[in-house]
Amino acid sequence: MEDNWNFNENLKWCIDNDFQVYIQPLDNTGRCKIAIRKGGISTDGKPSKYCKEKGLTLYSKETLGSVEYKTQKKAAENLPKVYLYLRQTYGGI
């Protein structure tokens, strides 16, 4: 698997495929983890959202990463790796 794919392409793929990726603080010390919410774009980051246009309720599921970072800056440095991982894992490439 290539690891030199373009950051913007990976981010766009995540958005187009309804993956919301963000940094989740754990406490007031700055510790955090990277969270992934499948369906998070469609539900505006909430567990569910009623969609009038489609006449149905959309659902999302949050998964908290296993790696704990000491600062949000450290977590942010790893976001491109998460975008690439999601694209490689679920993009079928």
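For beta carbons closer than 9 Å, sequence separation of 6+ or different chains, a first residue in region 71-82 that is under 15 Å from Asp27 (Cα atoms) and a second that is assigned to a helix (DSSP H, G or I) and modelled with pLDDT of 95 or more, there are no qualifying pairs. For Lys52, the test of being modelled with pLDDT under 95 and farther than 19 Å from Tyr90 by Cβ is passed. Each residue in region 72-93 was checked for being small (Gly, Ala, Ser) and in a loop (DSSP other than H, G, I, E, B), and 2 of them qualify. The residues of region 42-70 that are in contact (Cβ under 8 Å) with a residue 24 or more places away in the chain and under 13 Å from the mean Cα position of the chain (by Cα), listed by number, are Ser42, Gly45, Ser60, Lys61, Glu62, Thr63, Leu64, Gly65. Pull up region 51-93, narrow it to residues that are touching a helix residue (DSSP H, G or I) at 6+ places or on another chain (Cβ under 6 Å) and among the hydroxyl-bearing types (Ser, Thr, Tyr), then point me to the one that is nearest to Phe7 (Cα to Cα). Top of the filtered list is Tyr83.
The values are calculated or read from the model by the stated rules, or taken from the named source; none is laboratory data. From a predicted model like this one, the values you see are computed outputs, not experimental measurements. Cβ coordinates were reconstructed from backbone atoms using ideal geometry, including for glycine residues, and neighbour counts include every protein chain displayed.
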